[in-house]
Amino acid sequence: MKKLFILSFLFASCVVFSQEMGQIEINRDFTATLNFSDDIEFIVLGNNPQIGESAGIPKYKFYDIFQSGKTCVIRGNDSLAPETSITIKLSSGAIWYGTVKFGNNTKIFYDFAKSEVDKEKEKQNLETLIELKKEAFISERLNILMSEKTEYTTIGISENKLQFQVSNIRNDDKYTYFEIIANNNSGSDYEVDAVLFKYIEGKRKGLAKKEAKIEERISTIYETNTHKISAYSTEKLGYVIPLFSIGDHGDLIIQFKEKNGTRNPRIEITGKDMLNVKIFEHGTK
């Protein structure tokens with residue numbers, strides 16, 4: 001999985017951002033000022049032969065170009081100038097392309113830096129939408145699980161007049177879903193500060209004692225909003241973690257941490273139980 005991630009990252013990093021500028025129309029009275037988010041490395045016009053040089057500045061037949069930092073200015077010299085292509089490469093590696101035409105347009109400022117900002121916002125909005133859809137899908141599945149009849153009755157912990165029982169577990173192709181029933185038989189509220197998931201693989205032969213087990217933390221990616229179990233009450237808690245693999249001799253640990261307290265019950269689920277968890281009928285979208 002790690003190799004696949006690295007390859008994907010390298011591929012993504014090789015993708016060059018390119019954006020069309022459209023048509024830039026200029027004349028003798030109105031120049032075109034092009035502004036970008038990064039310094040310009042070079043500008044190429046398809047048909048614009050150089051006819052000389054003045055004070056070290058090249059002179060061109062159809063369009064003169066003045067460039068500094070993130071900005072360039074294009075001026076039209078000849079009303080018979082043909083429409084031609086323009087390509088601009090920035091220091092970031094981004095490439096902008098379009099056409100230049102001698103005409104009557106009076107637009108003098110083209111802010112392509114703003115276009116990049118808008119494009120980045122659009123990308124962020126799309127990523128946010130995808131994340132919200134994923135969260136809604138996970139939430140729906142967790143709610144389905146928590147509405148089902150209790151399947152497990154022997155997995156849990158009872159201490160300090162608190163009982164935490166794993167009542168349902170379900171897998172899909174990406175996540176593992178848990179329903180846990182918390183029963184508070186004490187006279188004080190129990191407030192969940194954090195829930196830690198980790199799996200511990202069984203002992204491996206031939207390794208030193210301290211290396212005999214493999215322990216790995218698993219981040220919770222979604223949970224229900226219930227964090228408080230009032231005195232003498234029962235609540236249903238739901239959690240979703242990424243799908244993981246564990247052997248027969250391993251264990252999944254679910255550790256509850258009490259906010260401003262010392263009651264930290266710990267549930268152990270055997271690897272055999274996790275290997276027999278049922279799956280949802282369809283994979284995640």
Exercise. Which order results if SER230, SER37 are arranged by neighbouring Cβ count within 10 Å, fewest first?
Worked result: SER230, SER37
Problem set entry | Angle in degrees between helix 2-14 and the longest Cα principal axis of the chain, rounded to the nearest 10 | 20
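Working out 0.36 nm times the residue gap between THR234 and SER92, then minus their Cα-Cα distance, what length gain in nm do you get to one decimal? Can you show the working numbers first?
Details: separation 142, 0.36 × 142 = 51.12 nm, distance 5.70 nm.
Value of the extension gain: 45.4 nm.
Where does each of PHE197, PHE109, PHE178, PHE244 land when they are ranked from fewest to most other beta-carbon atoms within 10 angstrom? Please report the intermediate quantities before stating the final value.
Working: PHE197 20, PHE109 10, PHE178 26, PHE244 15.
Ordered from fewest to most neighbouring Cβ atoms within 10 Å, PHE197, PHE109, PHE178, PHE244 come out as PHE109, PHE244, PHE197, PHE178.
Could you give the length gained on full extension between LYS107 and THR31, defined as 0.36 nm per residue of separation minus the Cα-Cα distance, in nm?
Working: separation 76, 0.36 × 76 = 27.36 nm, distance 0.82 nm.
Stretched fully, the LYS107-THR31 segment lengthens by 26.5 nm.
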For this session: Hey, for a label at GLU268 modelled as a point 7 Å past Cα toward Cβ, could you say which residues of region 120-159 have their backbone N under 17 Å away?
Result: 154-159
Exercise. Listing SER219, SER158 from the residue with the fewest other Cβ atoms within 10 Å to the one with the most, what is the order?
Worked result: SER219, SER158
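Based on Cβ point charges of +1 for Lys and Arg and -1 for Asp and Glu, what charge dipole magnitude is obtained for the chain about its Cα centre, in debye rounded to the nearest 20?
The calculation lands at about 760 debye.
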Exercise. So what's the angle, to the nearest 10 degrees on a 0 to 90 scale, between helix 112-146 and the longest Cα principal axis of the chain?
Worked result: 20
Exercise. Which distance in nm do the two modelled labels at ALA55 and THR150 give, with both placed 7 Å along the Cα-to-Cβ direction?
Worked result: 8.9
Exercise. Roughly speaking, what is the centre-to-centre gap between region 230-251 and region 131-154 when only Cα atoms are used, to the nearest Å?
Worked result: 12
Problem set entry | Beta bridges by DSSP in the chain, antiparallel share as percent, to the nearest 5 | 85
Exercise. With the calculation restricted to Cα positions, what are the radius of gyration and Dmax of region 12-112 in angstrom?
Worked result: 13.5, 44
Seminar exercise, completed: Under the 7 Å Cα-to-Cβ spin-label approximation, THR84 and ILE221 lie apart by a distance in nanometres of 5.3
Problem set entry | Extension gain (nm, one decimal) between LYS70 and ASN143, 0.36 nm per residue minus Cα-Cα | 21.0 nm
Problem set entry | Semi-axis lengths, Å, region 95-200, gyration tensor of Cα atoms, sqrt of 5 times eigenvalues | 56, 16, 12
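Every read-out reported here was derived from the displayed coordinates using simple, explicitly stated rules and does not represent laboratory data. Keep in mind that what you see is a predicted model, and the values were worked out from it rather than measured. Here Cβ is always computed from backbone atoms with ideal geometry, including for glycine, and neighbour counts include all displayed protein chains.
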